Structure formats: C-alpha cells, structure tokens
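Undergrad: I have a structure here, written as structure tokens, and I will follow up with some questions on it.
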Amino acid sequence: MIRSKAIARRARAVAAVMAALVTLGGCSSSESATIAPTATGTVAAVGGGPCGTGRADPLRLEPLAPARPAAARPTYGREPLGSFYDALTMLERRQTSEPVSVLILGDSHMAGHFFAGRVREKLQARFGSAGPGAIPGRATHRAYRNPLAEVQQAGNWAGVNSLRPTTPGPFGLSFYRLRAEEAGSTLVAAATEPAGFDRLTASVVRLPDGGGLRVSANGCVLGSVATAGDGTVALVADLPRGTTEVSIETTGGPVELIGWRLTRGRGLLVENHGVNGAQLAMLSHVEPEILAAELRRRDPALIVLAFGTNEAFAADFSESRYRALVTERVDALRRAVPRASILIVGPPDSAVPSRAPAPARGRKPVGCRWQEPPSLAPVKAALRQAAAELGVAYWDWSKLTRGACGVDAMTKRTPPLAQADHVHFTADGYVEAADQFARFLTDGYARRRKTS
C-alpha cells in the first residue's frame, strides 16, 4: 500500500515527470495509445495493447448508459428484496462475472465512510470484494474517504455539490462536480487491497472549450482523450489486471467530472452517495437523464434511500406531500433500473433541548431534558407507509436509538455512541448501526436460501 504522503508527491509530480513515470512503469512512448474523437463521437486507439492490457482501446469514451439493457433478472414484487437476493445467489454460485452493486443515497449519515464503510466491510467479507466503487468528491477529507482506495487531489480542482437547487449543474448520481481549469491537475488513487483495480469509469461533462484527460496505470500511460464537445459521456479505462495505482491528469482545461469509480471483476460493491444537510428532494436537483443513464450503467441490485433526518427539523412539514415525493422518487428509480430492489431506511432518532420547565427544587426530573424534532414522527410515518404502499423494503434505524432520551443516553456511553449535537453518531455508533443493517440484509438472504 502506498502511503498518503507518497501519493501526494507523485500527484504533484505527474505533469513534470510523466516521461520518467512511463519508463518506470515498463512501457515506452510507443506503447501508449493516443485517443482521438471520431466523427461519431466515440474514440479510436492508435497502437495496440498499451501497458500490457491486450487491447487496442483500453481508454475510450462511451455513452453514459450501455447500448443494450442487461440480461433479465426478476423484478420487485411480493418479496421486496427478491431481486437483490437473486443477484447474491448468482454471485455465490459463480453464475456471473459482473459485480453485484449496492447503492446508498442519503444525507450526512451516508456521506462519510463510517456507516457505509462498515456495511461494505461486512458484506464483502461474505460475498467477496469487487473493489472500492465510487470515489468521494472530497477525497482529501478524512470523513469522506473510501477505505479501499487512498486518494489525493493535486492542482486546481474546485468542487460543488447539488444540495442547493440554485447551484448550476449538471449533477449525476454522485451529487458532486469537480472542475479543473488548467493542465496538470491530477487525481491519484492507490489500492489498499492487494488485488487492486481492473477498471476505471468516470462521468465527464463535455465543454465547448474542454481540455483533455490522460490516464495512467502503475505509472504507465494508457492514453489520452479530448473532452471538448457537449453532453455527458463515460470515460472508461480497462486497466492491467491488479493495477494498484491509477492517475487522472488534465492535459488542458477546463475539465469537469461528475463522479469516478474503480472496480474489479466479480464480487460485491457498496457505493455511498450522501451530502450533509440533504433531503430527499435533493434528487430533484440532479439531471434525470444523467441519473438514469448512470444507474443503468451500474445496474444495481439494491438501492438504499436514507433520508429523513433533515426533514424532521422542518416546521412546515406535510406528511402527505412527503409521501407523494417518496412515490415520485421510487417510481423514477424503477423506470431507470426496474431490476433493482429498493430499500427505504427510516431515520434514526435525533433530539433537541426540551422546552419543558425545570422540575421544582427537590423533585427528580422525569425522563431526560431532550425531545424529538418537531416533524420526526410524521417523517417516519410517511416513509413507513410509502414503503408499504410501494412494496419496497423498510429498515427502521430508530429501533436502535429508542427515542430522544435514548439518543441522549448514547452520548453518555463509554465510549459515546452519539455526538453532542444529538443528531450524528460517533464512529462507534455508526459501526453498531451498520452491523445491525448488514445483519438485516444477510439474515433475510439466509431465510430466502432456506426456503428456495
């Protein structure tokens, strides 16, 4: 595993010493491919099999969505997680060479790696790892890292997210956009698993004056693509098997990415996409065509919607409007990827200081000095009822938090399980919740296996 400081040094040096890196990587300049746009907007490679990939076009631009839908898998029905369990069965029986993908979309509870990372760890221990999957937009922030890839950004990258409806798009599944204005900006990812990566995929926003992107694997240049144009496309790089370090370098500017991911072969992926302060309505800030295309490319077996914490603090919350919004969002997901199972997470309890008068002197307080946010109960009710009406799975996080006083008690545990804000959890608290969530999924799968 390459340490973070080493990654940062290499990232800063990529532009200046690319020729040396190519030599160290074991390929000559004649082995690297030059990628050029064709009349149809696809790309062609000159020079076959760079870096030992064995193919002439290891780096190319493709439509965001695959040309043909994936092979049929049973859709949702009486068994909300049936399609997900079918995918796991095929994976365990080695009847598929593609990864089984789990997508988690949500708020700050899902933005960091503590909850999602633990779910990934538990499920991949059982079903095998297909790599890190999505790389967070705030790669240098400790809470947003993906433990299966150490990532560094160097150069002039600016990032924004889709939280505010007024923030100019486009945005996709990742909810963020990275923009580099000039050449020499780099993103470098080093695997923390010995098996490494075998594919890089990035969603690229084509700009009229767009620059280029150069991709290297273990220091060997796979090729470059020109991004000028319009629309959004997928940058796909087939990496040499077992690649442990990948770099993306801008060769001109501006360049915009709205997500990138690293995967390998058969196994399970858990990708989390969350934004601090997000509500379910944030999905409406994402371009629906881009979101649908990125979903179809991933072909997820399970989509998890984990919102509700921020809605609980709204004073003007409408349960009926929120239930309608849940229906709208679930219907859109089903149209995009009808094979996917969908699971709604009921939000955990949170707490605000109680406005109740203090007990008279000499009398013991009843309960605790905390109460639930004003709209938490109707948020939970709306999500639970929508899940039942739509036939999707439901997991109730609040069974672990047990009300406002339960959250307060979690702040006083040793070690604490909840933070002092009585909304977020500590790393230990998220791990405990993630263990329960992963057990909910695997226990259901075990019961399914016994009866099938």
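The values are calculated or read from the model by the stated rules, or taken from the named source; none is laboratory data. These numbers were taken from a predicted model, which means no experiment stands behind them. Every residue, glycine among them, receives a Cβ derived from its backbone with ideal geometry; neighbour counts consider all protein chains shown. Just the protein is used for accessible areas: all its heavy atoms, side chains included, with ligands, DNA and RNA removed. Shrake-Rupley method; radii C 1.70, N 1.55, O 1.52, S 1.80 Å.
Undergrad: Filter segment 87-116 for residues that are touching a residue at least 60 places away in the same chain (Cβ under 8 Å) and part of a helix (DSSP H, G or I) and give the result.
TA: A87, L88, T89, L91, S108, H109, M110, A111, H113, F114, F115, A116
Undergrad: Determine if segment 83-96 includes at least one residue that is crowded, with 24+ Cβ neighbours inside 10 Å and hydroxyl-bearing (S, T, Y).
TA: no
Undergrad: Test each condition in (1) surrounded by 23 or more Cβ atoms within 10 Å (Cβ to Cβ); (2) in a loop (DSSP other than H, G, I, E, B) for N272 and report the one that comes out false.
TA: Status for N272: all satisfied but (2).
Undergrad: With (1) within 19 Å of P168 (Cα to Cα); (2) under 18 Å from the mean Cα position of the chain (by Cα); (3) buried (at least 19 other Cβ atoms within 10 Å of the Cβ); (4) of a type outside the set (D, E, K, R) as the list, and V233 as the residue in question, which single condition is left unmet?
TA: (2)
Undergrad: Next up: Does at least one position in segment 285-294 carry a residue that is in contact (Cβ under 8 Å) with a residue 60 or more places away in the chain, in a helix (DSSP H, G or I) and in contact with a Phe, Trp or Tyr (Cβ under 7 Å, 6 or more places away or on another chain)?
TA: Yes, that holds for at least one residue.
Undergrad: Moving to a separate point now. Residue check: is A191 in contact (Cβ under 8 Å) with a residue 12 or more places away in the chain, within 22 Å of R138 (Cα to Cα), buried (at least 21 other Cβ atoms within 10 Å of the Cβ) and under 16 Å from the mean Cα position of the chain (by Cα)?
TA: no
Undergrad: To continue, here is another question. Any residue in segment 335-348 that's among the basic types (K, R): show its pairings with residues that are open to solvent by less than 10 Å² (accessible area, probe 1.4 Å) and in a loop (DSSP other than H, G, I, E, B) at Cβ separation under 9 Å, as long as the two are six or more apart or on different chains.
TA: R339/P300; R339/A301
Undergrad: In the list A386, A420, which residue meets the criterion of being part of a helix (DSSP H, G or I) and either under 30 Å from A315 (Cβ atoms) or of a type in the set (V, I, T) (or both)?
TA: Checking each option against the conditions leaves just A386.
Undergrad: For the structure I just gave you, tell me whether F313 is surrounded by fewer than 24 Cβ atoms within 10 Å (Cβ to Cβ), aromatic (F, W, Y), touching a strand residue (DSSP E or B) at 6+ places or on another chain (Cβ under 9 Å) and more than 16 Å from S162 (Cβ to Cβ).
TA: So F313 fits the description; yes.
Undergrad: Does segment 416-435 contain any residue that is surrounded by fewer than 20 Cβ atoms within 10 Å (Cβ to Cβ) and over 25 Å from N272 (Cα atoms)?
TA: no
Undergrad: Quick check on my filter: what residues within segment 151-182 are assigned to a loop (DSSP other than H, G, I, E, B), open to solvent by 60 Å² or more (accessible area, probe 1.4 Å) and at negative phi?
TA: Answer for segment 151-182, where residues must be assigned to a loop (DSSP other than H, G, I, E, B), open to solvent by 60 Å² or more (accessible area, probe 1.4 Å) and at negative phi: N156, R164, P165, T166, P168, E181, E182.
Undergrad: Also: Looking at (1) touching a Pro at 6+ places or on another chain (Cβ under 9 Å); (2) over 30 Å from G265 (Cα atoms), find the lone condition where D316 falls short.
TA: Unmet for D316, out of (1) touching a Pro at 6+ places or on another chain (Cβ under 9 Å); (2) over 30 Å from G265 (Cα atoms): (1).
Undergrad: Quickly run through segment 389-415 and pick out the residues that are open to solvent by less than 20 Å² (accessible area, probe 1.4 Å) and either in a loop (DSSP other than H, G, I, E, B) or β-branched (V, I, T) (or both).
TA: Scanning segment 389-415 gives V392, W397, T401, V407.
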